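**Student:** Below: one structure in structure tokens.
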Amino acid sequence: TGMNLRGVDRTAVLPMGLHKGLHKGLWAAVLLLSACAQLPVYTALPVEVRPSPNVGERRPHYVIIHHTTNDTVEQAVATLTNPAREVSAHYLIARDGKIVYLVDELKRAWHAGDSYWGGNRDLNSSSIGIELDNNGREPFADAQIENLLALLADLKARWSIPAANVLGHGDVAPGRKVDPSALFPWPRLAAAGFGLWCDPPVDAAPAGMDDATLLAAFGYDVSRLAAAVAAFKRHWAPDDAAPELSEEQRGLVQCLIGKRQAG
């Protein structure tokens, strides 16, 4: 195997009479043989390479949004491409809206780290990571958010990522990460179809539902409940720093659960 069809005179390898109107089955077989060289071999054991056409790429199901904590996009690129730092993302969006493509969408970028959402304990393996160049103390630039929305629309069209699966790093790593900051415009994203949002008034949560039960049902890791409450509030109630959910916020969680289930 390992045939390379580039530069081959097709008339030299086909029987007489097939030069006009190539036989589809013959060329399908030739192309299948040529695919042998494209199948990577990872084991050191002797194997016979027989590639099957019955495959599909692994696809992302989530988008995780971050902020870089840097003051310039050049600093962020240097960090995200430094082998010693062992951190990366698929995309980086500068303050002026420039989009930097860093990692193949079908590859596993190192952006979420130790993470959890709704039973998934390895978000790196199932998500697209998008870094926004922002120091964590400043509003997000309008040009940056406009191009984030464009990129999210592009990703949604390509991978059919549900609105509910657009999350912040702080949502999937509560207590460890706080990005994007409380200044991030989640309502604007939700209005465009990325992420969930419920505007008041909302119905009350069922009686007897405590904070841990509600937040776990939504998707949070509640092993450190205070961190999960803080993460939820940073995303959906950024003006409230109280250590527990209010009754209205419990209803808000219930509303968000309902929207997620509705698809």
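**Student:** Residues being open to solvent by 10 Å² or more (accessible area, probe 1.4 Å) and either more than 15 Å from Tyr101 (Cβ to Cβ) or touching a helix residue (DSSP H, G or I) at 6+ places or on another chain (Cβ under 6 Å) (or both): count how many of those fall in the range 125-156.
**Tutor:** Here the count works out to 15.
**Student:** Hey, can you tell me all the residues within the range 220-263 that are within 17 Å of Gly118 (Cα to Cα), open to solvent by 40 Å² or more (accessible area, probe 1.4 Å), in a helix (DSSP H, G or I) and not aliphatic (A, V, I, L, M)?
**Tutor:** Hits for the range 220-263 are Gln254, Cys255, Lys259, Arg260, Gln261.
**Student:** So, one more: Hey, does the range 107-119 have a residue that's out of contact with any helix residue (DSSP H, G or I) (no Cβ under 7 Å at 6 or more places or on another chain) and over 26 Å from Ser223 (Cβ atoms)?
**Tutor:** yes
**Student:** So if I check each of Val202, Val178, Val166, which one is in contact with a strand residue (DSSP E or B) (Cβ under 7 Å, 6 or more places away or on another chain) and either under 30 Å from Val87 (Cα atoms) or open to solvent by 20 Å² or more (accessible area, probe 1.4 Å) (or both)?
**Tutor:** Val166
**Student:** Further, regarding this structure: Residues to consider are Thr72, Thr68, Thr81; find the one that is in contact (Cβ under 8 Å) with a residue 12 or more places away in the chain and either buried (at least 17 other Cβ atoms within 10 Å of the Cβ) or charged (D, E, K, R) (or both).
**Tutor:** The match here is Thr68.
**Student:** Looking for whichever is in contact with an Asp or Glu (Cβ under 7 Å, 6 or more places away or on another chain), touching a residue at least 60 places away in the same chain (Cβ under 8 Å) and more than 12 Å from Gly251 (Cα to Cα) here; the options are Gly170, Gly219. Which one fits?
**Tutor:** The match here is Gly170.
The values are calculated or read from the model by the stated rules, or taken from the named source; none is laboratory data. Here the structure is a predicted model, which is why all the values come from computation and not from measurement. Every residue, glycine among them, receives a Cβ derived from its backbone with ideal geometry; neighbour counts consider all protein chains shown. Just the protein is used for accessible areas: all its heavy atoms, side chains included, with ligands, DNA and RNA removed. Shrake-Rupley method; radii C 1.70, N 1.55, O 1.52, S 1.80 Å.
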